Structure formats: C-alpha cells, structure tokens
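The structure appears below as structure tokens.
The values are calculated or read from the model by the stated rules, or taken from the named source; none is laboratory data. Being a predicted model, the structure only gives us computed values, none of them experimental. So basically every Cβ, Gly included, is an ideal-geometry build from the backbone, and we count neighbours across all protein chains shown.
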Amino acid sequence: MTAHLWQSLTAAQREAVEHVDGPLLILAGPGSGKTRVVTHRVAYLLRQGIASRNILALTFTNKAADEMRGRLTQLAPGQQLWIGTFHRFCARLLRQYAPYVGLSENFTIYDTSDSERCLKATLAAAERDLSWTTPERLARAISQCKNQLISADDYRPPTGNPLGAILQEVYPAYQRRLLASNAVDFDDLLLHVARLLRTSDELRALLDERFRYILVDEYQDTNLAQYAIVRALSVDHPNLAVTGDPDQSIYGWRGANLSNILEFERDYPDVRVVRLEQNYRSTGHILHVADVLIRHNARRKPKALFTDNPRGAPVRLTAYDTQQREAEGIAAEIAAEVHPGRRRPRDYAVFYRVNALSRSLEHALRDQGLPYQIVNGVEFYQRREIKDVLSYLRLLNNPRDDVALERIINTPPRGIGRTTLLRLRQQAQAQGGSLRDACGTCQAIAGLSRRAAKAVGQFARLIDRLEQLAAQPVREIIQQVLDLSGYRQYLGHSDAAEDVERLANVEELLTAAEEFDRQHPGEGQLEEFLEQASLVNDTDAWEDERDKVTLMTLHAAKGLEFPVVYIIAVEQGLLPHELSRHENDRLEEERRLLFVGITRAQQSLQLSMAQYRDFRGQHNRTVPSEFLLELPPESLHVVNLQPGTAAQRPETFDQDQSDTNRPAPVRPPRGARRGGRAPAGVTTAAHLLADEPDGGSGTPPQAPPPDQFSEGMAVLHPTYGPGKIVALSGDRERRRATVRFANGSGQRTFVLSQSPLRPAR
DNA sequence: TGTGAGTTGATTTTT
DNA sequence: TCAACTCACA
C-alpha cells in the first residue's frame, strides 16, 4: 500500500480504517475527518483482496454518496462497488424482486406529492368525513407507520384515537391503490424490502452473502425499516461498519430512531468502537460553544470534543432591530470582505431554520451585488411543467400509473373535465382496471357525451402512439411528448414571463435527458431515468465550485463546512421551532440542529436574532431562543444593535406562550430554569443581550403586550384540545376568554393570564 | 368545460 | 404571505 495514504491519519482514524472483520461503530464528532476514514477504509478493504462487489456503502443522501464515490475514485480507481442511498439501493433490489411483493418490475416511485394525490383519491372513494383532519396529516401518519415497519394489514389503531380509526380503513385502501397502480411511495421502497428479507430467508441469505461488507453512513438518521434491512444483511457476515454522531441526528420527525446508534453496542456485543473526537475544522471558540450547547441534551453519548486549532475570535451573538437590518447587516459585512478581495463569496454560508426566512437575505445580497445560491428552494423536479412532462413518461413506462394519467389527461386542455374523469374512474373501478384501460374502452361508457368520448379516444390514441417510442433515447421520447401532446405549444403560446421560464425549464429537462442518454446508452432506459428523477433532489445540484454565497436550511447544511457561517433567526418559535418546543425529545432535536449549524463554521460564526420579524405575513415581536442562554459567555461576543431596547425587552417574555404565565415581568425561559444550567451571572437572554451598549440601565415599567387573542380565533388548550374563542372580556390580568371546544367539551371560560390557552394557528 | 376572481387555510425539516 | 381550492359565470 502506498505509504502516503496513511501518513496523514491519526491513531484513532487508523484503527477504524484497518478494521476488517466484525462489527464496527465509528462515533465521529463534527469535523473529525469521518468521510476520509470511511473512504480510506473501503480502499483498505479492497487492498485486502475483498472483492468490490461484496462491499455495500449506504448513505442517507445522494450528495454524501456522490462525495464518497468521488473520493474513492481517487483512492481506488476503477473499482466498481455499490455506493448509494438506502432508497436507491432498495429500489434496485425491488426491481429485481418486484413480483414477490405484488408489483411488476416497471413500478413507479411516487414522490410525496404524488402519494398525496393517490391518498386523496383513496379518501374520495372512501367518502369519509374528514373535516376535522387533513389528507396531509393522514399521509404523515401512514408514513410513520411504514417507517416503523407497520404494514397496512398489521395496523391496529390505539383505542380511542379517532385518527387511528380512519387510518385502519384508509391505510389498507391506500396501499391497495398503490399496488393497483403498480406504484410505491418513498417509504414503501424500504418497507417492501424489509418485509421481503423477513419473509424469505433464502433471499436474505443470498444477499447477506453477496454484500459481505456493509458500511452505513449517518447511522444516527436511520429509521426502523433501514435498521431492519441492515441487520438482515449482516447475520451470516456481520461485517457491519456504521458511522454517525448521535448529536447530529436531525431527522427524528421522519422516523429516524436515535436508539439505533445509541444501542448499537447492545445489538452487536463484540463491536469495536472507535471514537473520533478531535476536530480539524473549527476554531476553539466555535467548538467550545457547540460543545457546551450540546451538553444540555440528555439523550446522547457523552463525548469530549477538542481541537488543536487556534481559539480564534469569539462567536458573535448579535441582536438586530428587524429582519431587514439583520439581512442588510450580514450582507454588508460580507460585501466589506469580498469587494476588497479579502474573501470570496463561496467562503460564506447563511443558515436558517425554515426556507421562508431566505427572502430578506436574498434582497440584501442582491443589493450588495453579491452572487448567491439557494439550496433547496423550489425543487426542479417538483415544478409543475417538469412533473407534467415526467407524468407522460411515467404513463408510458407504467400504464397503470393512475396518478400520472390524471395529471396529464387534460394537460394541455383537451376538453376532458371533471365529469368525464369521474365517469372514467367509475368505469375503471367497475372493470377492476386502470384508468388507462378505461380510456381505451370509452366508447362503451354510459353517460359520456359524444364530445367527451371523442376527446378521451384521442387521448388514448396519443398515448398509444407515444408508447411505440418507449424504447427510444429519453431525450427523443420527451421531444415527441412535447410535440405530439401539444404541450410545447401550450407553454409557448404566451409571452408571460412565467411561461417563458416554464419553457426554459422544459429545455433544461431536455438537456438533462441528453446527458442521461449519453451516460446510459442502449435501449429501454426510460425506467432508470424516471427512477433517478424521483430519487435525486436538488441538494445534489448544489455546486460548491461556484463562487457564491450559500443560503440554506440547517438541515441541508449537514455534512458541509464553510469558513464563515451566519445562523439567523435564533428565536423562540423558529429555533426551537414552535411545533417542537413542547416535547423534550423534539426540543433536543432542535438543539442538535443548532449544534449542526454551529459546527459547520471553520473560522467565524455569528448567531443572530431580530427583535421584530415578519413571518407568515405578520409583524411579530420575537423572543430570543432559549438555546442562547445555554451558550458559554466566555466564548461569546454579544453585540446589541437594537436601539434603546433594554427598556422594552422584558416585555418580550410576556409573549412567550409556552408555559403557564407568571406575574413577574421578567421571566427566565425554560432553559434557564431547568436544573440551573444557565451560565453563572447570566440568568436570562435579556441580560445576555443587554450587555451593551446600554445594558444594565434602569428598567421603566413596560407597556402591556399587544393582545394576541381575538374573537373567533382558533385556539388550543392542552386539556380540552382545539376550540374557538366566542367571547372576550376584562382587561389585562383579568382578561378572560370564552372558548367553545370542538370535541364536545362544551364551552369554558379562562383567565388568559393564568391559562395555558394559546392560539392554534 | 374552461377561466378568473375570491376565499380560505396552512405554513419544518426530505428520501 | 401565498398557494390551493371553490364557486360563479361565459
């Protein structure tokens, strides 16, 4: 082996790299060179004479897979081994074994919006009263079931849960519809494979033998289904190496199960554990802030983060007046470094909790003439025109794809309206066939007007004609679709900026198809193209080559690093997010999210908040994030850019609706109270942020907070559930609200200052 | 059947 | 704020 490859590795890294047989757990802190270790280890395995086809590397995102592939081609050129996401891997297996689960190999992969359409169709057919819940909620519930390996037949609702009762009916019906359409949703990819491995030990053993060495990256993000798959493939050959960091688990909401990594040692008692704790990325101050913050989490594996890097500048904690000031301030700082050439735009990243926060930054950066890129804005493959065109392709590939058919049967408009579609659905149901079948027999459908029947007949002929082309190169198929369906004309007939852009997007799709064709010569590649389109997202298109400021969510930031990082809107309700604030597990996940953001920074980091922020079209006073209280003052530099604020700030706490109101005007948020972990001498974010320029001055009596309740407003009560305010009375501390509750609890009156009632939004 | 205005209602993170 | 959906009308 070439000596220089290993020279740069530390003892701990080398230990992981040179581990060959048996289970291995690599606990890798941020910036600890994990990717290097993993790729070196694969190279090492290959050099030990292990055949590349026996190695399987599973990642969570395409981006991670691409990076690993890229590095491996440098370390071990010319080796063919499987590197990819769980979903890609499962899709590929499923194509091979589709009949075992009732699919044919040309099945369609529904993305989230497709499966929601499918679910809506199911609900419409079931005719249940859904006024009290939404299809989205049901979709999420189904997804959660699948993540936990609960199949439609196994599902038993918890007693007294109204959602469960509906689910018991709808989940199997939805699943039947998917199968009838020869389609799977994202979760099915995993679920089908997991069940396949469980039911057929023969197949399981075959694949276990085939994939003798398995590596799983970001193991902390695996859910139960992924866990089951990996375990099933590591019975006879338990050479399972997982890497991860429990502190960077941020996908709990998607079913990721932190226990998978926390209890790995229990699952594999003879596991070798390697800890990579030295950080090569960040300055001492940045790492210290991250470390102190994450120690507030209870569910974790304690670890000591350290670095030999210089301490650097303290982390800045900046309070702005408004979000505009925040954005302008950040943009001006970047411009001041970039324009004289001290730094490049690509050195900078701005992170936020939700996509909606990017707008003011875009403005500010544009005003400064700074180039920027937004990761995960509107995804390319989610755009209407792209989905339209792809739906044609999907229907060609899988005639039973009803969701695709419904999408295009009248796009562009060809005179097939609601009524006609309804008849077609009835016909399909009666025949027990697909909509595509029904279209073919439209002459025989009762109640269909002559005109409608003609339109449907034309549509059926169009599809027939296109189906002849299915073996052509993908670009050619798309061209024909655009021409024969009239879609190109339909988009091109107006000069509206919107239409021009749509046309441009379609052109881009053609380019992508051309590129695909080049890489996939030969016939019948349509299926592979569609699979890529469903399982590849826009993060993958993020170009770190481009010299631009990067704007992205904290989730998207995982795995990346930047010299200078800004994290904006570190405020209650956003970070931690409103929906995660009240459950401890989810609060810890929010803390991890901030931890991930902080540890992306190499040299310089600023956390910021704005006193006022426009959100969802409303102008709101904000409350500093409780996480700010948990940061170590000795590594912080607090900058207060709010004019004359010390006087008003206590009031901000009155708007904190998280727990029971207290009479005291200044109330330490939860973090400070819990176990007295707040840094000595600092009790509240108000103090923390009032350090300068005018901190400590006398506090005049504050104005009463603006009334947040109004008549007719939807509210939520922890005991009585959702309700509506029917009357308000009294003032200030005595202000009372009468609420009518939805679930038969009748009407009740609450003293607002003493009740946990809050707006339901 | 298609279109446009108007309303409503919902808003986290993604394979 | 903004997209999806409804409803009235051509």
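See the values below:
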| quantity | calculated |
| --- | --- |
| Hits in segment A:52-67 - residues which are assigned to a loop (DSSP other than H, G, I, E, B) and either in contact with a Leu (Cβ under 9 Å, 6 or more places away or on another chain) or within 24 Å of A:Asp21 (Cα to Cα) (or both) | A:Phe60 |
| Any hit, segment A:586-606, residues being buried (at least 24 other Cβ atoms within 10 Å of the Cβ), within 16 Å of DNA strand B (Cβ to nearest atom) and part of a loop (DSSP other than H, G, I, E, B) | yes |
| Filter pass, A:Gly244 being within 28 Å of A:His296 (Cβ to Cβ), surrounded by fewer than 21 Cβ atoms within 10 Å (Cβ to Cβ) and within 25 Å of the chain's Cα centre (by Cα) | no |
| Hits in segment A:73-85 (condition: without any contact (Cβ under 8 Å) to a residue 12 or more places away in the chain and not in a loop (DSSP other than H, G, I, E, B)) | A:Thr73, A:Gln74 |
| Residues located in segment A:316-351, provided they are within 16 Å of DNA strand C (Cβ to nearest atom) and out of contact with any strand residue (DSSP E or B) (no Cβ under 6 Å at 6 or more places or on another chain) | A:Gln324, A:Ala327 |
| Elements of type helices (runs of 4 or more DSSP H) contained in segment A:86-186, each with 2 or more residues being more than 16 Å from DNA strand C (Cβ to nearest atom) and either more than 22 Å from the chain's Cα centre (by Cα) or modelled with pLDDT under 85 (or both) | A:86-97, A:162-180 |
| Residue match in segment A:395-405 (condition: in contact (Cβ under 8 Å) with a residue 40 or more places away in the chain, assigned to a helix (DSSP H, G or I), within 16 Å of DNA strand C (Cβ to nearest atom) and more than 30 Å from A:Pro576 (Cβ to Cβ)) | yes |
| Checking A:Val184 against (1) near DNA strand B (Cβ under 10 Å from one of its atoms); (2) surrounded by 14 or more Cβ atoms within 10 Å (Cβ to Cβ); (3) in contact (Cβ under 8 Å) with a residue 40 or more places away in the chain, the condition it does not meet | (1) |
| Qualifying residue in segment A:620-643 (condition: within 16 Å of DNA strand C (Cβ to nearest atom), modelled with pLDDT of 75 or more and not small (Gly, Ala, Ser)) | yes |
| Scope segment A:601-619; condition without any contact (Cβ under 8 Å) to a residue 24 or more places away in the chain and either more than 16 Å from DNA strand C (Cβ to nearest atom) or closer than 14 Å to A:Leu287 by Cα (or both); matching residues | none |
| Among (1) part of a loop (DSSP other than H, G, I, E, B); (2) within 12 Å of DNA strand B (Cβ to nearest atom), the one test that A:Met552 misses | (1) |
| In segment A:282-295, the residues that are buried (at least 21 other Cβ atoms within 10 Å of the Cβ) and out of contact with any Ser or Thr (no Cβ under 7 Å at 6 or more places or on another chain) | A:Thr283, A:Ile286, A:Asp291, A:Leu293, A:Ile294 |
| Qualifying position, being closer than 21 Å to A:Leu594 by Cα and crowded, with 16+ Cβ neighbours inside 10 Å, among A:Arg353, A:Arg346, A:Arg325 | A:Arg353 |
| Options A:Ile330, A:Ile374, A:Ile334: the member that is in contact with a Ser or Thr (Cβ under 8 Å, 6 or more places away or on another chain) and away from DNA strand B (no atom under 16 Å from the Cβ) | A:Ile330 |
| Single match in A:Leu365, A:Leu421 (criterion: more than 28 Å from the chain's Cα centre (by Cα) and either crowded, with 22+ Cβ neighbours inside 10 Å or among the hydrophobic types (A, V, I, L, M, F, W, C) (or both)) | A:Leu421 |
| Any hit, segment A:575-593, residues being away from DNA strand C (no atom under 16 Å from the Cβ), over 20 Å from the mean Cα position of the chain (by Cα), modelled with pLDDT under 90 and closer than 22 Å to A:Trp253 by Cα | yes |
| A:Phe211 under 25 Å from A:Tyr44 (Cβ atoms) and either among the aromatic types (Phe, Trp, Tyr) or surrounded by fewer than 22 Cβ atoms within 10 Å (Cβ to Cβ) (or both) | yes |
| Answer from A:Ala438, A:Ala453 - the residue that is among the small types (Gly, Ala, Ser) and either within 11 Å of DNA strand B (Cβ to nearest atom) or surrounded by fewer than 20 Cβ atoms within 10 Å (Cβ to Cβ) (or both) | A:Ala453 |
| Verdict on A:Arg359 being more than 30 Å from A:Asp464 (Cα to Cα), crowded, with 22+ Cβ neighbours inside 10 Å and either within 16 Å of DNA strand C (Cβ to nearest atom) or under 19 Å from the mean Cα position of the chain (by Cα) (or both) | no |
| Any pair with Cβ under 8 angstrom, 6 or more apart, that starts in segment A:121-142 at a residue that is closer than 11 Å to A:Ile166 by Cα and of a type in the set (S, T, N, Q) and ends at one that is modelled with pLDDT of 80 or more and surrounded by 12 or more Cβ atoms within 10 Å (Cβ to Cβ) | A:Thr133/A:Ile166 |
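Matching residues to (1) at pLDDT below 90; (2) more than 16 Å from DNA strand B (Cβ to nearest atom); (3) in a helix (DSSP H, G or I); (4) of a type in the set (Lys, Arg):
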| site | (1), (2), (3), (4) |
| --- | --- |
| A:Leu287 | no, yes, yes, no |
| A:Val292 | no, yes, yes, no |
| A:Ala319 | no, yes, no, no |
| A:Arg343 | no, yes, no, yes |
| A:Phe351 | no, no, no, no |
| A:Leu357 | yes, no, yes, no |
| A:Gly369 | no, yes, no, no |
| A:Val378 | yes, no, no, no |
